[in-house]
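Trainee: Mind looking over this structure? Questions follow.
Values quoted throughout were computed directly from the atomic coordinates according to the rules given, and no laboratory measurement underlies them. Just so it is clear, the structure is predicted and the values come from calculations on it, not from any experiment. FYI the Cβ positions are ideal-geometry reconstructions off the backbone, even for glycines, and counts take in every protein chain you see.
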Amino acid sequence: MGVMAVYALLPLFWLVVNSTKTQTSLFSSFGLWFSGDFALWDNIVGTLTYNDGEFLRWLANTVLYVVVGAGGATFLATLAGYGLAKFDFPGKRGVFAVVLGAVAIPGTALAVPTFLMFSQMGLTNTPWSVIIPSLISPFGLYLVWIYALESVPTEVLEAARMDGAGEFRTFFTISLRMLAPGFITVLLFTVVATWNNYFLPLIMLSQSTWYPLTVGLNSWNAQATTAGGEAIYNLVITGSLLTIVPIVGAFLFLQRFWQSGLSAGSVK
Amino acid sequence: MTTTSPVADALPSVRSRKTAGRWMGWAFVGPFMAVFLLVFVAPVLYAFYLSLFQNQMVGGDKFVGGANYFQALGDPQFWDSVIRVALFLVVQVPIMLFLALFAALALDSGRLRASSFFRISVFLPYAVPAVVATLMWGFIYGPRFGLFGSINDFFGLNLAEPLSSSWILASIGNINTWEFTGYNMLIFYSALKVIPAELYEAANLDGAGTFRVIRSIKLPSIRGAIGIASIFSVIGSFQLFNEPNILKALAPNSISSYFTPNMYAFNLSFAGQQFNYAAAISIIMGVLTVVVAYVVQISGSRKDA
């Protein structure tokens, strides 16, 4: 176990160490220890200001995609998972079949046709082309569905109905609270997926204006290999560090909640 | 109408049908399904439609039936990429799942000090974007200022170069293992957590040792979780794209434009404008993935039965 923890943490340690180095000492010093001038602050300033501060713009885009995309995905999955768990309705078996079948389809296989469709609808190169596909999380739907079966007692819903509460009012005032651990687990997974999304924005966006951090960082990295491009490895490394700090923070902060949601909801 | 019955818990949906409107469920499921149709179902149908046409220099799109599919079946570059991901799958997935299982069993044994520290640190790489993970490992691999370069310089060695064409697949496998071991560990661990304590008590009475408990109770109980993790990993391997595509900037000579089927389809579309042919390749890979995932599921459940 100790070996595995070292294996998991070593690259992250490497990242922290090397984001303190200038571009020259990156090349001249041992990779796993600090060396030369402590340039972390300069690197951060450099990352945030390079090319008129495009990093900050990408950060804002990423936040937008996460708030609308992951938030929307979690909301839709929660509504639908709850609906599947607590109601019987015509076509329910069909919904299961289609959604479960979709999980087996490689997401990347959908990307090219989705791009062509969106380009005919005039959506490519807009934030919508990134946000709309991230609104669907079949895994999230599955998780909420299992979780709702177990944690929302039907008696409570019956009681609310007898008191004359509408279904949506019951959902928002009573059920949602009981669903909270499952909801937060799904939120965490969709946030991670949207924050880390690379393939979809890479295809959909042709101008850097709407890039998220992932695509932007890779464009900085690829810049070194193009003719006449400026190598900015120190900024790529520091930018990588800045990209993972918020998501790792969210992870550690929310771990208490998602772990309870996962063990109740997972893999029955 | 609303009297409670003893079986209410077991059959919640049957009962709610009587009280709520018959179509009420659609009010909850509908919004999800509407977006789902737009981003899942419509693209699949559209890809199938596209795959039946060819773009002609003169005269635009022409219906060609299965011609794109026949072309793919005889395309050495396509088969090259398929064989590469198949090799990747056969080696990387078992290693990763074995490590994840080992870690989950160690956490569950209750003998580990600081187990929550281990759990979170092994899981942490999952939160790291594939782009950042690949850039980090790519730099570590790199001969110029990477760790391997430093080690070679320091000891005057000439160790294998991870970015050379003979090692590149293993190097990508390492990145994937690093990213997803913790995720699979968590799936196994949460499945182990819900094993009823009575089973362990019974085993104790029968005098079963740790190893026996693992073999006879723990592994059979989490068979479903192992199956799901295997299928997700199989799907993931066939979709391999991010890591090789990003590494390409650091190792342009080791990674071709048809390194994996997905990269091939991507480059056909966006560098070659061959959308119809790319659509056919996507469909073939979709079908192949479903078939392989299905075979894995069947063989998995037969082995343990």
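Trainee: Please express the Cα-Cα pair-distance distribution P(r) of chain A as a list of whole percents, one per 10 Å bin, running from 0 to the bin with the greatest distance.
Mentor: 6, 23, 27, 23, 13, 6, 2, 0
Trainee: Can you compute the modelled spin-label distance between A:Ala222 and A:Phe96, with each label point 7 Å from Cα toward Cβ, in nm?
Mentor: Placing both labels 7 Å along Cα→Cβ, they lie 4.4 nm apart.
Trainee: What percent does the relative contact order of chain A come to when contacts are Cα pairs within less than 8 Å and at least six residues apart?
Mentor: Reported relative contact order: 29 percent.
Trainee: For B:Lys248, A:Lys21, what's the fewest-to-most ordering of other Cβ within 10 Å of each Cβ?
Mentor: Values: B:Lys248 19, A:Lys21 26.
Listing B:Lys248, A:Lys21 from fewest to most nearby Cβ atoms yields B:Lys248, A:Lys21.
Trainee: Angle, helix A:138-151 long axis vs. longest principal axis of chain A, Cα atoms, 0 to 90°, nearest 10?
Mentor: Tilt of helix A:138-151: around 50 degrees.
Trainee: If each residue's Cβ is checked for other Cβ atoms within 10 Å, how do B:Met263, B:Met96, A:Met178 rank with the fewest at the top?
Mentor: Working: B:Met263 21, B:Met96 24, A:Met178 16.
With the sparsest Cβ surroundings first, the list reads A:Met178, B:Met263, B:Met96.
Trainee: Ignore the peptide's own chain and count Cβ atoms of other chains within 10 Å of each Cβ in A:192-203; give me the average, rounded. Mind showing how you got there, number by number?
Mentor: Numbers: counts 5, 0, 0, 2, 10, 4, 9, 7, 0, 0, 7, 3.
What the average comes to for A:192-203 is 4.
Trainee: Right, here's the next one. If the chain between B:Ser257 and B:Tyr294 were fully stretched, how many nm would it gain, using 0.36 nm times the residue separation less the Cα-Cα distance?
Mentor: Values: separation 37, 0.36 × 37 = 13.32 nm, distance 2.90 nm.
In short, 10.4 nm is gained.
Trainee: Could you give the alpha-carbon Rg of segment A:121-209 over 2.2 N^0.38 Å, rounded to two decimals?
Mentor: Working: Rg = 18.1 Å, N = 89, 2.2 N^0.38 = 12.1 Å.
Against the empirical 2.2 N^0.38 Å value, I get 1.49 for segment A:121-209.
Trainee: Sort B:Ser121, B:Ser166, A:Ser137, B:Ser115 so that the residue with the fewest other Cβ atoms within 10 Å of its own Cβ comes first and the one with the most comes last. Before the final figure, lay out each step's value.
Mentor: On the way: B:Ser121 19, B:Ser166 9, A:Ser137 25, B:Ser115 16.
Listing B:Ser121, B:Ser166, A:Ser137, B:Ser115 from fewest to most nearby Cβ atoms yields B:Ser166, B:Ser115, B:Ser121, A:Ser137.
Trainee: Is it possible to state the helix-based mean residue ellipticity at 222 nm for chain A, with each DSSP H run of 4+ residues giving -39500 (n - 2.57), the sum divided by total residues, to the nearest 500 deg cm²/dmol? What is it?
Mentor: The per-residue figure over chain A is -23500 deg cm²/dmol.
Trainee: What average number of partner chain Cβ atoms lie no more than 10 Å from the Cβ of the residues making up B:39-49?
Mentor: Details: counts 11, 12, 5, 4, 12, 7, 2, 7, 8, 1, 1.
Mean inter-chain Cβ contacts per residue within 10 Å come to 6.
Trainee: Follow-up question, since we're still on this one. Would you calculate the separation in nanometres between label points at A:Arg177 and B:Glu201, each defined as 7 Å from the Cα along the Cα-to-beta-carbon direction?
Mentor: 3.4
Trainee: In Å³ and rounded to a whole number, note down the convex hull volume per residue for the Cα atoms of the protein assembly as shown. Walk me through the intermediate numbers first.
Mentor: Details: hull volume 104.2 nm³, N = 573.
Cα convex hull per residue, to the nearest whole number: 182 Å³.
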